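This report concerns only the one structure given below.
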Amino acid sequence: MVDDSAVKITRCQFLKVNISNGEVQILTHQNSSMLNSFSIANGLINVPHGHYELKKEEKVKVYLL
């Protein structure tokens, strides 16, 4: 993870990310209606139910698109 990130809802979700040089950055505009973030995402991360914060340098599993 490049930056700390807090997930605002408490259900399991997939977040759009951009992976560059082995670093993962969560993209803004995660709503399904925000198609621009889909066009620049090259991966997804799964935030399981009950996990609300992702810390910088934390390892995450990425699903490549």
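The values are calculated or read from the model by the stated rules, or taken from the named source; none is laboratory data. All figures in this text were calculated on a predicted structure; none of them were measured in a lab. Reconstructed Cβ throughout: ideal geometry from the backbone, glycine too, with neighbour counts over all protein chains shown.
Among the residues of region 20-54, those identified as in contact with a Ser or Thr (Cβ under 8 Å, 6 or more places away or on another chain) and either within 13 Å of Leu65 (Cβ to Cβ) or of a type in the set (Gly, Ala, Ser) (or both) are Leu27, Ser37, Gly50.
Considering region 1-28, the residues that are surrounded by 13 or more Cβ atoms within 10 Å (Cβ to Cβ) and part of a loop (DSSP other than H, G, I, E, B) include one that is modelled with the lowest pLDDT, namely Val7. Would you say Tyr52 is surrounded by 10 or more Cβ atoms within 10 Å (Cβ to Cβ) and modelled with pLDDT of 85 or more? The answer is no for Tyr52. Of all the criteria given as (1) more than 10 Å from the chain's Cα centre (by Cα); (2) among the hydrophobic types (A, V, I, L, M, F, W, C); (3) surrounded by 14 or more Cβ atoms within 10 Å (Cβ to Cβ), the one not satisfied by Ile40 is (3).
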